[in-house]
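Read-outs throughout are calculated quantities, based only on the coordinates presented, and are distinct from any laboratory measurement. Bear in mind the structure is a predicted one, so any value in this text is a computation, not a measurement. We place every Cβ from the backbone using ideal geometry, glycine too, and count neighbours over all the protein chains shown.
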Amino acid sequence: MPQSAPALPQVQIPLDTDYIGIYLTNRCFLSCPYCITNYNEQFINLKFFRELEPAEWIDSLNRLILPPGVPLTFQGGEPFIYKGIWEVLENVHHKIDILTALPPQVTPQNFKKLKSMAWHRRDAPYPTIRVSFHKDQNDYKQLVYRIKELQEFLSIGLFHIEHPAYPELLDEIRTYAQEHGVEFRTKSFLGEWQGKTYSRYKYPDACVGRAVRKNVKCKNTVFPIGPDGHIYRCHSDLYGRRYDMALGKITDPNLNLEHQYRDCAYYGTCIPCDVKVKTNHLQQDGYTSVDIIF
């Protein structure tokens, strides 16, 4: 019989890490023209990442030693269309948050078949499964109905961007969700609308869509991990598939992770989630994941 591969050595995640984003896939069942993965139309071919096998994710993620209170966050793309999502949920021994648009095939029965639901039970100031409503792509009433079914045994809520173009729709969703006992929250809109800029960027020229500075140093306190296991400095590197800038690979036995200032020649192509002023994982406002030296 073939011998099993040796267990991967443990990897300590730095204690000041705020967020670990696990991109199981960048594929999605929706086709939003405003998707953040194509911010400023910079990035293409995101759907063609090689995807790790479930066993690779399980072995690699279980080796991590996470900071207290920081979960793994499964996202994408749509994590629930990754072929091994249920196997991974059942066998990864960490707390897990999920960012999803809740594909139609996800049902209460899928969760009830799992041997354990411990992965999603944690003391958090927000739902651990966060369902996104996407205008013109899915039906918020159907989502509210499905979330109501799931919330009997899951920490789950509905989220949407607070876009200035349709405040009446947001009020309509909020009222409908409240009437059905479903939590609804909004996230800040970042961008331009009718000549007005809506932004809380720590670095105002970081997201113009082209490199405007070639010699900055950047330190991030998040780890985006791509579908193929590469660990990136930031979301811009992830979406741009800058393999040469990756910090390592989650499957590497010699992996070591630390936060430090690193040279970057892509300032100006940053993704809003890295440079915006927001709340951290404790919901404390005023946090920005990156610090940049010019």
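Worth pointing out:
- Kirkwood radius and radius of gyration were both taken over the C-alpha atoms of the stretch 161-294, and their ratio Rg/Rh is 1.05.
- Contour minus Cα-Cα distance for N280 and T197 (0.36 nm per residue): 27.6 nm
- Computed P(r) (all Cα pairs; the stretch 111-239; 10 Å bins; percent): 10, 27, 32, 24, 7, 0
- DSSP beta bridge pairing in the chain, given as percent antiparallel to the nearest 5: 40 percent
- On the principal axes of its alpha carbon atoms, the chain extends 53, 53, 34 Å, with the longest extent given first.
- Helical content alone sets the calculated 222 nm signal of the chain at -5000 deg cm²/dmol, taking -39,500 (n - 2.57) per DSSP H segment of four or more residues and averaging over every residue.
- Using the Cβ of L89 as centre and a radius below 11 Å, the other residues enclosed give a net charge of 0, where K and R count +1 and D and E count -1.
- Over 22 Å between alpha carbons, listed pairs K112/K249; K135/K187; K83/K115; K141/K187: K112/K249
- Computed FRET value (nearest 0.05) for C32 with Y243, which takes r as the C-beta separation and R₀ as 30 Å: 0.70
- For the stretch 138-248, a simple Cβ point-charge model (Lys and Arg +1, Asp and Glu -1, everything else neutral) yields a dipole of about 860 debye relative to the Cα centre.
- Spherically averaged projected area of the convex hull of Cα atoms, the stretch 246-289: 4.6 nm².
- The stretch 113-168: proportion of alpha-carbon pairs further apart than 13 angstrom, %: 66 percent
- In the chain, a dipole from Cβ-located charges (positive for Lys and Arg, negative for Asp and Glu) runs towards its positive end, and of I225, F29, A265 it is A265 whose Cα lies farthest in that direction.
- Convex hull of the stretch 57-124 built on C-alpha atoms - directionally averaged projected area, nm²: 4.9 nm²
- Of all DSSP bridge pairs formed entirely within the stretch 81-228, close to 20 percent run antiparallel.
- Tensor-based shape of the stretch 194-234 (alpha-carbon gyration tensor, a/c under 1.5 rounded, otherwise prolate or oblate): prolate
- Residue-span extension gain [K113 to A55] - 0.36 nm each, minus C-alpha spacing: 19.0 nm
- Between the alpha-carbon centres of the stretch 217-287 and the stretch 59-92 there is a gap of 17 Å.
- In the chain, a dipole from Cβ-located charges (positive for Lys and Arg, negative for Asp and Glu) runs towards its positive end, and of N256, Q105, H134 it is N256 whose Cα lies farthest in that direction.
- Inter-label distance, nm, simple model (7 Å from Cα along the C-beta direction), K135/N256: 4.9 nm
- Amide H contacts for I98 (H built 1.01 Å from N in the peptide plane; partners 5 or more residues away or on another chain; cut-off under 5 Å): F74, I129, R130.
- Near E179: Cβ cut-off under 15 Å, other residues only, Lys/Arg at +1 and Asp/Glu at -1. The net charge is 0.
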